[in-house]
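Below is one structure, written out as structure tokens, with a few remarks after it.
The values are calculated or read from the model by the stated rules, or taken from the named source; none is laboratory data. Predicted model only: the values in this text are computed from it and were never measured. All Cβ positions, even for glycine, are placed from backbone atoms using ideal geometry, and neighbour counts span all protein chains on display. Side chains included, ligands, DNA and RNA excluded: accessible areas come from the protein's heavy atoms. Shrake-Rupley method; radii C 1.70, N 1.55, O 1.52, S 1.80 Å.
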Amino acid sequence: KERAAIFSGIPVPRLMTALYTFAGLLAGFAALIYAARRNTANPEAGLGIELDVITAVVVGGTSIYGGRGSVFGTLLGILLIRRLR
């Protein structure tokens, strides 16, 4: 797919850099919100939520073995997990 994009004239390296930069920006913003809500800047503040994240993604319809999934399904999985707690 990347090769086809290059042949189509899409600047793949620049696009990938922009996408990774945007994802890092969103992760930093999420960390700021998380730290503000928890009133802590402890580096171990997020430990233990990995299984919750994986569960929400799988409940949302994404295969853990790769394949297809959607952000909308993941959001529904998060809402369902939060509702059950």
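Things worth noting here:
- For region 22-53, the set of residues classified as exposed (fewer than 13 other Cβ atoms within 10 Å of the Cβ), among the aliphatic types (A, V, I, L, M) and assigned to a helix (DSSP H, G or I) consists of A23, L25, L26, A27, A30, L32, I33, A36, L51, listed by residue number.
- Here L84 meets the list (1) within 15 Å of the chain's Cα centre (by Cα); (2) modelled with pLDDT under 90; (3) open to solvent by 100 Å² or more (accessible area, probe 1.4 Å) almost entirely, failing just condition (1).
- Counted residues, region 54-75 - those being outside any loop (DSSP other than H, G, I, E, B) and open to solvent by less than 90 Å² (accessible area, probe 1.4 Å): 7
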